[in-house]
1. Of the residues A:Ile244, A:Ile227, only one is at pLDDT 90 or above and buried (at least 24 other Cβ atoms within 10 Å of the Cβ); which?
2. Say whether the condition of being within 20 Å of B:Gly453 (Cα to Cα), surrounded by 24 or more Cβ atoms within 10 Å (Cβ to Cβ), among the hydrophobic types (A, V, I, L, M, F, W, C) and in contact with a Gly (Cβ under 6 Å, 6 or more places away or on another chain) is met by at least one residue in the stretch B:79-90.
3. Could you tell me which numbered condition B:Ile454 fails, if it satisfies all but one of (1) closer than 18 Å to B:Lys365 by Cβ; (2) in contact (Cβ under 8 Å) with a residue 24 or more places away in the chain; (3) over 23 Å from the mean Cα position of the chain (by Cα)?
4. Tally time: how many residues in the stretch A:360-405 are polar (S, T, N, Q) and under 19 Å from A:Arg334 (Cα atoms)?
5. Residue by residue through the stretch B:253-278, note down the ones that are hydrophobic (A, V, I, L, M, F, W, C), touching a strand residue (DSSP E or B) at 6+ places or on another chain (Cβ under 8 Å) and either surrounded by fewer than 22 Cβ atoms within 10 Å (Cβ to Cβ) or under 18 Å from B:Lys370 (Cβ atoms) (or both).
6. Could you tell me whether the stretch B:386-403 includes any residue that is in a loop (DSSP other than H, G, I, E, B), of a type in the set (Lys, Arg) and either within 17 Å of B:Lys42 (Cβ to Cβ) or within 11 Å of chain A (Cβ to nearest Cβ) (or both)?
7. For the stretch A:322-352, how many residues are of a type in the set (A, V, I, L, M) and closer than 22 Å to A:Gly380 by Cβ?
8. Suppose the filter is of a type in the set (S, T, N, Q) and within 14 Å of chain B (Cβ to nearest Cβ); does A:Ser289 pass it?
There are 2 protein chains.
Amino acid sequence: MRSFNPVNQKDLVFLKKLVGEQRVATGQSYLELHSADESYHKGYFPDVVVWPKSGEEVSLIMKMAHERRIPVTPWGAGTSLEGNPLAVHKGIVLDFQQMDRIVSLRADAFQVDVQPGLKYQDMNRTLSRHGLFFAPDPGANATIGGMVANNASGVRTIKYGGTRDNVLRLEVVLPTGEIIRTGTFAHKSSSGYDLVHLFVGSEGTLGIITEATLRLVGILEKYSAAIANFESVEDATNTVYEIIGSGLGPAALELLDQETIAVINQESSLGLKEIPTLFIEFTGGAETSLKEDLQRVEDICEVNQSIGFESGVGRDERNRLWEARHQAYELIKRNNPGLSLLIIDTAVPISRYSQMVHFAREAIKKYEIKGYVFGHAGDGNLHLIIAGNLDDPDFIKRRDKANEEIVSHSISLGGTATGEHGVGIGKRKFMAQEHGESLQVMKKIKQLFDPNGILNPGKIFP
Amino acid sequence: MRSFNPVNQKDLVFLKKLVGEQRVATGQSYLELHSADESYHKGYFPDVVVWPKSGEEVSLIMKMAHERRIPVTPWGAGTSLEGNPLAVHKGIVLDFQQMDRIVSLRADAFQVDVQPGLKYQDMNRTLSRHGLFFAPDPGANATIGGMVANNASGVRTIKYGGTRDNVLRLEVVLPTGEIIRTGTFAHKSSSGYDLVHLFVGSEGTLGIITEATLRLVGILEKYSAAIANFESVEDATNTVYEIIGSGLGPAALELLDQETIAVINQESSLGLKEIPTLFIEFTGGAETSLKEDLQRVEDICEVNQSIGFESGVGRDERNRLWEARHQAYELIKRNNPGLSLLIIDTAVPISRYSQMVHFAREAIKKYEIKGYVFGHAGDGNLHLIIAGNLDDPDFIKRRDKANEEIVSHSISLGGTATGEHGVGIGKRKFMAQEHGESLQVMKKIKQLFDPNGILNPGKIFP
C-alpha cells in the first residue's frame, strides 16, 4: 500500500498563491459536490478542489503534488459510471470547469483543438454551425477530457468509432509536471510510438489532458430510421448479428428490452410497444440507397420473427427516439427513486452477443434481481442495469454475484469487462482475468510515468 | 553508443540446439538475402539468420539474446521502404517465413488469428472464399508481422483505416523473453492501457509479434470507379480537398502525376492520358447511390477544371487500374534501372495537401531532380520518388537537401515525417522536430521494455 500525504496548510497557501483564492476550495459543500459521480460507488471527499485555467498551472500543481506525494484526481463533468473521478485517497481534485474553450477550430481540416473541460454536447452545438460534429457520444453531457480519459463511446460508434479513434493529438501534463504534446494533425502516421492511444483510456492515471485535437466529421442530412419489435430478446439479438453480418453498415443499432421500453414510455410520449426492440438507423448515401438498406433490414427482421417493423420514422420522432435512448440511464434512475443502480458494460465479439445477453438475463432471473437490458448491440456492447436497495444486504450479495458472473462470462467469451465506461473502481477485480501477464506491463508503464503513484490512485489496478 | 556482442560459436550451438541445424544459417548467401530491403539504404549483413516456428522459440532466443546483449531484428517479407528490418548492428535476424499460418478464422466474428510471417495478399486470397478481407493494403505483398510493426496502410485506408485501426489483439514476445497477450476479441473496450496500439507501429523495437488477431470486413460487390484528368497537379489536389470536404466518403482517392502515369502506360495496356490524374472509387450502397456519388464527383472535378472524366469503369479495367497503382513503385524502379530510389512519405492535414504537393514539386524543380509524385491523396499522404545515380555525389547532395526540406515542411504544416512507411533509418533525424518533448517519453518506454536495447537497434531514435 502506498502512503500519501494529506494536503496541509502550506500546500493550501501554495495553491492559493498559484491560482488565486477564489479557485481553491476546502469548504464542505464544494468537497461534497466533488465526492460522488453518477456511479453506485460510495463517495470520497477530497482535501481540496482546485480549478486550473491553463496547462502551466496544472504543471506547477503536479510538480508540487509529486514532490509532496499528494494524490491528484482530475474531474470533468462527474458523469462517470465507474467512480473514475473519485478521490479515493483524498488529496487534490482538479476540476476543469474553467478550461472549457474551443482553442482553434479548423473546419477546413475537419479538426478542432479544445480544452478538457468543454462538454461535448456544447461543443457539437457550436460545430453544427459549420456542418460538423464530433461523433463519439456517451449519453450524458461529458467533458472532452473525461471522454478522452475514458475512451468513451456511444450509439454512433458502430459507424464512426469511439473516442480513441477520433483523437489526433494531445497536450498532456505528466505526473512529474512536464508538459508534452504528442500525436499529429495528419490523419495518418507511422512515426514513433503511439502515445496518444496510450493516454486515451488511461483514466487520468498516466497524465492529465490539458488540450485535445479531435477529428470531426460532416453532418449527414439524409437518414433513415426504423423500429423493430420482437417477442423475445433472443430473436432481437439474432437479428443484430445478421444485420452486422450482412455488411449493411448501420449508423446505429441499439437493443432495448421490454423493461427499458416501459420506462421510456412512462417518461415520453413515444408510445412504443413494450417488447424487445431494436432502434436502427442509416445515414448518408442517396434516398434510394437508404430505402434499399431499410428493405434489407426489414427482410432480416422478418426472417428472425419480428412482430413489428416501423420504418420511415420522421425527423422529429427520430430525434425523440435517440433522446430517449440517450437518457435511458437517467429515466431508469428516475423510475427507481432511492434505489442504487449498478450498470454492467460488457462487450463481446458480435458472434457471441446473443449468448452474452442470454447469460446476463438468466443471471438476473437466477438471483431474482430487477434488471434493465439495453446496449450498443451492433458493437457487441451490453448494458444491464441492476436496481436495488442498498439497505438490503441480501440484495447486495445477489447483485455482486450476478455482476461477477456476467462480467467473468464476457471475458471467457473473449470479451472485455468494460466496453466504454472504463475500469474505475468497479472493474479492477476483473483486470487480472482479462489481461493476464500484460497487466504487469501496464503496471510498469504506470510506474514509469508516475513513480510516486499520485495520479488518480485507486483506479484500474487491483 | 551501446555496445553489443557479436554472435559467437557458443551462441550458434545454442540456436542450433534450440531450433535445429536447418533453421540456422550463417552462409554468405543467406546473410546477403537478409541484408537489404526495398529501400535506398545501404545493406547490413547480420551474423546469423534464424527461422523460428513458434512464440516459445522466439521467447527462448530473446532470453539468450537479452542476456548476451546480442541485437535481434525481425524480418518479414523484406518489402520495407525505410530499412526497418536491416540488422544495422548485426546480430540475429529472425525470419518469420516459417510462421505463416492462419491459426484460427472466425468468419462469424469477422476475425482471424494469424502468425506474423503470413503475407497479406495470400491471406486475403483465403479470406475471399468467406466473403471477407483485411482492408489495409500496402502495395507490396508484405507480411502481417511487418504491417503491424510498421502500421502499414494503403489505398483502402481512407475508408477502412490503417493497420492500427484493424488489429484487435497481439501475442508479443518482449525483449526479455516474456510472452504476453494483449487486447481483446471484442470490437470495443475501455479496459486498461492500450498496449496493442503501442506495439503497432513500434517497428519491432518494443517486442516481437508472434500472433495477431485482425478485424476483417465483408467484400462489397458493388463499386464504381472513375478516372479524372487535370492540366495541373494543383487542380487535381484542389479537387481532392473538395471531394473530402463534400463528405462523399470514397473508398479510394489516389493522385498520380504525369511522370507516374507515363511509367504505368509503358508497362501496361491502360493507355491513360499522360497528365495529372485522380483514381476515384466508391463501394457498397445501392447502384443508384453509387451513380449519384459519381455524378457529384464529376461536378466537383468540373468546377476544378478537369479536362477529362471517365466513369463507369468496368471490373477488369478497374482491377488493372489498382494493380497498376499498387505496382507504381515497382514500375518506376523497373523504368530506372541502376538508379537508387528514395521515397518520401509525408502526410499532412487534408486542408494542407495542395500546399504540400506544391512545395514538394517546387523542391524537385529547384534541385533539378527526377521525381515521381503520387499518393493516397484522400488521406493527405504524399509519395514522391526521387531517382538518381548513387555514383554521382552531387545528386546525393541535392536529393538529401530536397528530402530534408520536403519532410521538414510537412512537419511545419502540422504533418508527419511518415504516413505509412515507418521511421526506420531514414526518418530518424526528423523525430526531434516532429515529436519534441514526447520523444523523450518514447525513449523511456523503449528503455522500460528493452533495457539492453537489443531489439532492432538503430531504428526510430536519432
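The values are calculated or read from the model by the stated rules, or taken from the named source; none is laboratory data. Only a predicted model underlies this, so the values are computations on that prediction, with no experimental measurement involved. Neighbour counts run over all protein chains shown; Cβ positions are idealised from the backbone, glycine included.
1. A:Ile244
2. No, the stretch B:79-90 contains no residue that is within 20 Å of B:Gly453 (Cα to Cα), surrounded by 24 or more Cβ atoms within 10 Å (Cβ to Cβ), among the hydrophobic types (A, V, I, L, M, F, W, C) and in contact with a Gly (Cβ under 6 Å, 6 or more places away or on another chain).
3. (1)
4. If we filter the stretch A:360-405 for residues that are polar (S, T, N, Q), which is where we start, we get A:381, A:389, A:403.
Going one step further and asking which of them are under 19 Å from A:Arg334 (Cα atoms), we end up with A:389.
Residues meeting the conditions: 1.
5. Once the filter is applied, which keeps residues that are hydrophobic (A, V, I, L, M, F, W, C), touching a strand residue (DSSP E or B) at 6+ places or on another chain (Cβ under 8 Å) and either surrounded by fewer than 22 Cβ atoms within 10 Å (Cβ to Cβ) or under 18 Å from B:Lys370 (Cβ atoms) (or both), the stretch B:253-278 yields B:Leu256, B:Ile261, B:Val263, B:Ile264, B:Leu272, B:Ile275.
6. no
7. Kept after step one, since they are of a type in the set (A, V, I, L, M), are these residues of the stretch A:322-352: A:324, A:328, A:331-332, A:339, A:341-344, A:347-348, A:350.
Filter once more, keeping what is closer than 22 Å to A:Gly380 by Cβ: A:328, A:332, A:342-344, A:347-348, A:350.
Matching residues across the stretch A:322-352 total 8.
8. yes
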